[in-house]
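See structure below.
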Amino acid sequence: MPTKNATNKLTDPAIRNAKPQARPFNLADGGGLGLEVQPSGAKWWRFRYRIDGKEKMLSFGTHPEVSLKDARERREQARRDIAAGIDPGAKRKAEKATRAELAANTFEAVAREWHQAVHVAAVTEGHAARTLLRLEQDAFPWFGAMPIAEVTAPKLLEALRKVEARGAIETAHRVRQACGQVFRYGIATGRCERDPAADLRDALQPVIVKHHAAITEPRKVGELLRAFDDYQGLPTTRAALKLAPLVFLRPGELRQAEWSEFDLDAAVWTVPAARMKRTKQQKADGVPHLVPLSRQAVAVLRDLEALTGHGRYVFPSPRGGARPMSDNAVLSALRRMGFAKDEMSGHGFRAMARTLMAERLGVPESVVEAQLAHAVRDSLGRAYNRTEFIEQRRSMMQQWADYLDGLKQGAQVLPFKTA
């Protein structure tokens, strides 16, 4: 005979033994709760109730993820809500909306939104990936789940101290900068009211700038150039070593050189804007960088053309011409020739040229900086066009190449220029 409340009629064995049929069927537990068995075998808890004269239904999840005991507890809570005049279905929707709002306003959610909506469009793919990785490693684990409006300067500093503790001082500053951009985006979108990262400008250890190792003493430069002539490795690597001091480019810009960019008869290399170290916008619509080639640079390229001129890359990978040489090729060659890490680097050729041309050859800084592809400004604040000073640069590049030849041959070192 049924109980007075007509509830709790189901048992765990009855639920386990309920086999699917061709059509869905319901096992009633009473009080509006039942277990609906689907033809697929899925078993759903359903709670049917009436409020304001309307019949409604709620799902409490599936069995066995939601046990019989759990389903009964949810039924009783729903019945208490109904007795208080609260629609349990409407209550669930409101709670879900609140959870969604809270989830959308966490620091991590706002940061990922900013990254996708703003940062990816503003910077290069590699830059964007590095920013997201820093946030994922050094911000999200510590306060990513917090509402962005509740992240305080002390909380942010606590996370940045962990970065400093592993010796990554520059990374700590970059994480702070990225977080600042996220907070400012949060302010703009109404998720927070201030940027606590701005309060930490003077709270972090200062970054000690380490310049790329470079040989700038003339006699040492001569030794370096003679070592290139004696290099016994791959001819493409030897050519890259010889060309590097003659063109002032960054290692990545040099190793990715393509034959289509060269006019050896006109002695000029036109490097596409997309391959230069520039902003995403400048890469997309900026002018190319022109590199006047000295007679010595053209000679190196003429010799190499017979070897790799049939392919796309000037310096192809030894593993196949579909990609350029490794970014470690020149660096590894320097190490094998005995030049230590703190003595010379792939970027060091740029510092070598900038230092010696100013100190020994007296070339105007504006011309050198234009060839280095730096955005130097004049006294009126205008940035020099990257195609300006082309004739001065052509003369300078030949003067520089001749000077290097003299150093390689052990010629008398020029004295310092006097003001």
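Computed from the coordinates by the stated procedures, all read-outs in this text should not be read as laboratory data. Small disclaimer: the values here were computed from a predicted structure and weren't measured. Note that each Cβ is placed from the backbone with ideal geometry, even for glycine, and that neighbours are counted across all protein chains shown.
Could you give the dipole magnitude of the chain about its Cα centre, charging the beta-carbon of Lys and Arg +1 and that of Asp and Glu -1, in debye to the nearest 20?
Value, rounded to 20: 1700 debye.
Amide H of His289: which non-local residues (sequence gap of 5 or more, or other chain) have their own amide H closer than 5 Å, using H built in the peptide plane?
Distant-sequence amide H within range of His289: Val271, Ala273.
In degrees, nearest 10, range 0 to 90: what is the angle between the Cα axis of helix 348-359 and the longest Cα principal axis of the chain?
Roughly 50 degrees, rounded to the nearest 10.
Among Val66, Val330, which comes first, then next, by fewest other beta-carbon atoms within 10 Å?
Ranking Val66, Val330 by Cβ neighbours within 10 Å, fewest first, gives Val66, Val330.
Given Cβ point charges of +1 (Lys, Arg) and -1 (Asp, Glu) and nothing else, what value in debye, to the nearest 20, does the dipole of region 107-200 about its Cα centre take?
That gives region 107-200 a dipole magnitude of about 120 debye.
Order of Ile208, Ile148 from fewest to most other C-beta atoms within 10 Å?
Least crowded to most crowded, the residues run Ile208, Ile148.
Give the shape of region 218-408 as rounded, prolate or oblate, defined through the alpha-carbon gyration tensor: a ≥ b ≥ c are the square roots of its eigenvalues, a/c under 1.5 means rounded, and otherwise the shape is prolate if a/b is larger than b/c and oblate if not.
It is oblate, given that a/c is not under 1.5 and a/b is not larger than b/c.
For region 248-339, just the Cα atoms, rotate onto the principal axes and tell me the three extents in Å, largest first.
Principal extents (largest minus smallest coordinate, Cα): 39, 29, 27 Å.
Quick one: which of 31-44, 290-303, 331-344, 94-107 comes out on top by average Cβ neighbours within 10 Å, and what's the full order, highest first?
Descending mean neighbour count gives 290-303, 31-44, 331-344, 94-107.
Measure off 7 Å from each Cα along the Cα-to-Cβ vector at Ala122 and Asp229, then give the distance between these two points in nanometres to one decimal.
Calculated label separation equals 5.2 nm.
Under a 5 Å amide H to amide H cut-off, with H placed in plane at 1.01 Å, what residues pair with Glu258 once short-range neighbours are removed?
Answer set, sorted by chain and number: Val314.
Counting pairs on different chains as well as pairs 8 or more places apart, how many Lys pairs in region 218-408 have Cα atoms under 18 Å apart?
Lysine pairs, 8 or more places apart or on different chains, close enough: 4.
Return the aspartates and glutamates within reach of Lys56: Cα separation strictly under 13 angstrom, same-chain partners fewer than 8 residues apart disregarded; answer none if there are no such residues.
Asp87
When Lys and Arg each count +1 and Asp and Glu each count -1, what net charge do the other residues less than 12 Å away from Leu304, Cβ to Cβ, add up to?
With Lys, Arg at +1 and Asp, Glu at -1, the neighbours total +1.
Note the angle between two axes, namely the Cα long axis of helix 153-165 and the longest principal axis of the Cα atoms of the chain, as a number of degrees from 0 to 90, rounded to the nearest 10.
50 degrees
Please tell me the relative contact order of the chain in percent, rounded to the nearest whole number, where contacts are Cα pairs under 8 Å and at least six residues apart.
Computed over the chain, the figure is 11 percent.
First measure r as the distance between the Cβ atoms of Leu27 and Met146, then evaluate 1/(1 + (r/R0)^6) with R0 = 41 Å and state the FRET efficiency to the nearest 0.05.
Calculated value: 0.40.
Using +1 at the C-beta of Lys and Arg and -1 at the C-beta of Asp and Glu, which of Pro196, Ala213, His119 has the Cα lying farthest in the positive direction of the dipole of region 115-220?
Among Pro196, Ala213, His119, the one farthest towards the positive end of the dipole of region 115-220 is Ala213.
Restricting to DSSP H runs of at least four residues, report the calculated mean residue ellipticity at 222 nm for the chain, -39500 (n - 2.57) per run over all residues, nearest 500 deg cm²/dmol.
About -14000 deg cm²/dmol.
Evaluate E = 1/(1 + (r/R0)^6) for Arg92 and Lys162, where r is the Cβ-Cβ distance and R0 equals 35 Å; express this FRET efficiency to the nearest 0.05.
Once rounded, the FRET efficiency stands at 0.35.
Any idea what the dipole of region 218-408 comes to, in debye rounded to 20, about its Cα centre with Lys/Arg Cβ at +1 and Asp/Glu Cβ at -1?
Roughly 580 debye, rounded to the nearest 20.
I need the peptides 150-163, 115-128 ranked by packing, meaning the mean over residues of other C-beta atoms within 10 angstrom, with the highest value on top.
Descending packing order for the listed peptides: 150-163, 115-128.
Take Ala274 and Ala103, extend 7 Å from each Cα along the Cα→Cβ direction, and tell me the distance between the two endpoints in nm.
Output for this residue pair reads 3.8 nm.
Tell me, Kirkwood radius of the chain from alpha-carbon pair distances, in Å?
After inverting the pairwise mean of 1/r, the radius is 27.9 Å.
Compute the distance in nm between two label points, each set 7 Å from the Cα along the Cα-to-Cβ direction, one at Arg201 and one at Lys56.
For the pair Arg201/Lys56, the computed spacing is 5.3 nm.
Order of 189-197, 78-86, 346-354 by packing, highest average Cβ count within 10 Å first?
Ranking the peptides 189-197, 78-86, 346-354 by packing returns 346-354, 189-197, 78-86.
Could you tell me what a quarter of the Cα convex hull surface of region 107-200 works out to, in nm² with one decimal place?
Averaged projected area of region 107-200's Cα convex hull equals 5.4 nm².
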